[in-house]
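Enquirer: Just passing along the structure, written as structure tokens.
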Amino acid sequence: METHISCLFPEILAIIFSYLDVKDKGRVAQVCTAWRDASYHKSVWRGVEAKLHLRRANPSLFPSLQTRGIKKVQILSLRRSLSYVIQGMPHIESLNLCGCFNLTDNGLGHAFVQDISSLRVLNLSLCKQITDSSLGRIAQYLKNLEVLELGGCSNITNTGLLLIAWGLHRLKSLNLRSCRHVSDVGIGHLSGMTRSAAEGCLSLEKLTLQDCQKLTDLSLKHISKGLNKLKVLNLSFCGGISDAGMIHLSHMTHLCSLNLRSCDNISDTGIMHLAMGSLRLSGLDVSFCDKIGDQSLAYIAQGLYQLKSLSLCSCHISDDGINRMVRQMHELKTLNIGQCVRITDKGLELIADHLTQLTGIDLYGCTKITKRGLERITQLPCLKVLNLGLWQMTEISGLSSEALPMITPEYFF
């Protein structure tokens with residue numbers, strides 16, 4: 001008896017189609033009626049985000065997306081009203097408007113005119129015309145929002161954060177990168193320090209404050225008091241925070257990842273405060289903090305020895321600091337020491353001897369290391385990524401390709 005793929009039950013075809021990429025899912029729907037019906041099964045499109053250019057009216061677009069069960073949408077270009085999307089997908093769960101520069105408060109206000117209880121994720125990154133007015137709409141009508149991306153929305157102020165703190169009590173992730181008008185007052189609103197006006201976003205687990213230049217140690221005090229569930233905190237390029245602020249963070253027992261990259265006022269003293277607290281950090285980034293030296297590595301070994309990822313790029317550390325750290329860091333898997341120009345082969349030998357769980361290491365710009373040190377590093381049993389960047393040393397050509405794991409010119413942290 002001859003068999004053919006067309007004999008398969010629609011349920012079996014749907015399982016097969018679910019493994020295809022998005023373009024091929026669309027192509028199989030054009031083969032025949034049976035394949036079209038099978039490809040429209042919701043299991044085929046589970047988790048898929050539709051990427052749309054909204055340039056002209058298309059009456060069949062949103063009914064087609066709903067039939068397939070698609071509830072995540074990214075708008076690549078917005079030349080129609082945003083309300084067109086919201087009306088067409090009443091059960092939308094994720095809306096990505098990143099880079100829609102022409103989106104205004106007026107356009108968003110016309111779209112959000114009633115409760116949208118299904119929406120969990122909203123990305124407004126780089127929507128530079130959005131102001132606090134839009135945050136008022138969001139706080140009023142998107143009560144179930146869990147993720148809000150506002151990176152690069154430079155017109156957001158503390159008033160906008162007050163509105164978020166008033167309305168978005170289920171928020172788990174908030175990105176305020178480069179919202180440079182935000183200050184300690186706004187972080188106080190989020191942390192529930194102004195309960196008479198707003199309860200706060202006390203369920204936050206991830207908070208990105210990168211490049212928020214007006215923040216000081218007072219913000220860290222607010223965060224430590226009010227945001228007890230916080231797991232990930234990004235303070236990179238926040239030049240106003242100092243070692244004293246680390247005292248506040250040192251007792252945040254749920255904090256797993258802390259990014260202090262390019263925080264110029266963080267020194268060995270700040271790392272001491274972190275190490276003496278009750279933190280259980282798995283990730284720490286102090287890259288380009290030029291006041292971090294070998295003493296910090298000693299403190300890390302004493303109190304932050306459970307780290308799995310540590311980034312020290314361009315810090316003033318040496319082989320001596322490596323020696324004081326490596327014997328305690330049994331769980332470390334990723335180590336970034338790019339541009340640490342005092343590291344030599346001796347430091348690499350110490351790493352190779354003691355950090356046996358290491359899967360990735362960044363040595364970009366470490367100009368004092370040689371073929372001998374690299375050969376020791378490549379003997380690490382778990383190593384998968386070795387970043388040498390655009391290294392100029394001629395001795396590197398002496399290493400055989402068999403001796404090296406994957407070498408990449410890019411940072412992998």
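Coordinate-derived values only; no laboratory data. Since the structure is predicted, the reported quantities are computational estimates derived from the model, not experimental observations. Note: ideal-geometry Cβ built from the backbone for every residue, glycine included; neighbour counts use all protein chains shown.
Enquirer: Tally Lys/Arg at +1 and Asp/Glu at -1 over every other residue whose Cβ is under 13 Å from the Cβ of Ile75; what's the total? Display every interim value, and only then the final one.
Expert: Details: positive: Lys51, Arg55, Lys72, Arg79, Arg80; negative: Glu49.
Combined, the nearby Lys, Arg, Asp and Glu give +4.
Enquirer: Between Val147 and Leu20, 0.36 nm times their residue separation minus their Cα-Cα distance comes to what?
Expert: Contour length minus the Cα-Cα distance gives 42.9 nm.
Enquirer: Let me ask something else. So, counting K/R as plus one and D/E as minus one, what does the shell of residues with Cβ under 12 Å around Gly167 add up to?
Expert: +1
Enquirer: Can you run phi through the Karplus equation (6.51, -1.76, 1.60; θ = phi - 60°) for the stretch 321-338 and list ³J(HN,Hα) in whole Hz, with x for Gly and Pro?
Expert: x, 4, 4, 6, 9, 5, 5, 9, 9, 6, 9, 5, 10, 10, 10, 10, 10, x
Enquirer: Right, here's the next one. Set Lys and Arg Cβ to +1 and Asp and Glu Cβ to -1, take the dipole of the chain about its Cα centre, and tell me which of Met276, Ser154, Leu54 lies farthest positive.
Expert: Value computed over the given set: Leu54.
Enquirer: Here's another thing I want to ask about it. Residue farthest toward the positive end of the dipole of the stretch 48-241, with Cβ of Lys/Arg at +1 and Asp/Glu at -1: which of Gly188, Leu174, Ile86?
Expert: Of Gly188, Leu174, Ile86, it is Ile86.
Enquirer: Measure up Lys51/Lys206; Lys72/Lys221; Lys143/Lys333; Lys225/Lys308 against 32 Å on the Cα-Cα distance and list the ones that go over.
Expert: Over 32 Å Cα-Cα: Lys72/Lys221; Lys143/Lys333.
Enquirer: Same structure again: Among Ile337, Gly293, Thr131, flag the residue with its Cα farthest along the positive direction of the charge dipole of the chain, charges on Cβ as +1 for Lys/Arg and -1 for Asp/Glu.
Expert: Thr131
Enquirer: Summing Lys, Arg as +1 and Asp, Glu as -1, what charge do residues with Cβ under 12 Å from the Cβ of Leu142 carry, Leu142 excluded?
Expert: In short, +1.
Enquirer: Please enumerate, by chain and number, the aspartates and glutamates with C-alpha under 15 Å from the C-alpha of Lys23, excluding those fewer than 8 residues away in the same chain.
Expert: Filter leaves Glu49.
Enquirer: Relative contact order, percent, of the chain when contacts are C-alpha pairs under 8 Å separated by at least 6 residues? Please report the intermediate quantities before stating the final value.
Expert: On the way: 1011 pairs, mean separation 25.6, N = 413.
Relative contact order comes out at 6 percent.
Enquirer: 5 Å is the cut-off here: which amide hydrogens, built 1.01 Å from N in the peptide plane, fall below it relative to Gln74, excluding neighbours closer than 5 in sequence?
Expert: Ala50, Lys51, Leu52, Asn96
Enquirer: So, in nm, how far is label Asp290 from label Thr33 when the simple model puts each one 7 Å beyond its Cα toward the Cβ?
Expert: Between Asp290 and Thr33, the label points sit 7.4 nm apart.
Enquirer: Still on this model: When the dipole is taken about the Cα centre of the chain, and only Lys, Arg (+1) and Asp, Glu (-1) are charged at their Cβ, what size is it in debye, to the nearest 20?
Expert: Result for the chain is approximately 1220 debye, rounded to the nearest 20.
Enquirer: Based on DSSP H runs of at least 4 residues, each adding -39500 (n - 2.57), what is the mean residue ellipticity at 222 nm of the chain after dividing by all its residues, to the nearest 500 deg cm²/dmol?
Expert: That calculation yields -8500 deg cm²/dmol at 222 nm.
Enquirer: Restricting to DSSP loop positions (anything but H, G, I, E, B) with no more than 15 other Cβ atoms inside 10 Å of their own Cβ, which chymotrypsin sites (Phe, Trp or Tyr not before Pro) remain in the stretch 74-113? Intermediate values should be presented prior to the final figure.
Expert: Numbers: sites: Tyr84, Phe101, Phe112; in loops: Phe101, Phe112.
In loop regions of the stretch 74-113 (DSSP not H, G, I, E or B), the sparsely surrounded chymotrypsin sites (Phe, Trp or Tyr not before Pro) are Phe101.
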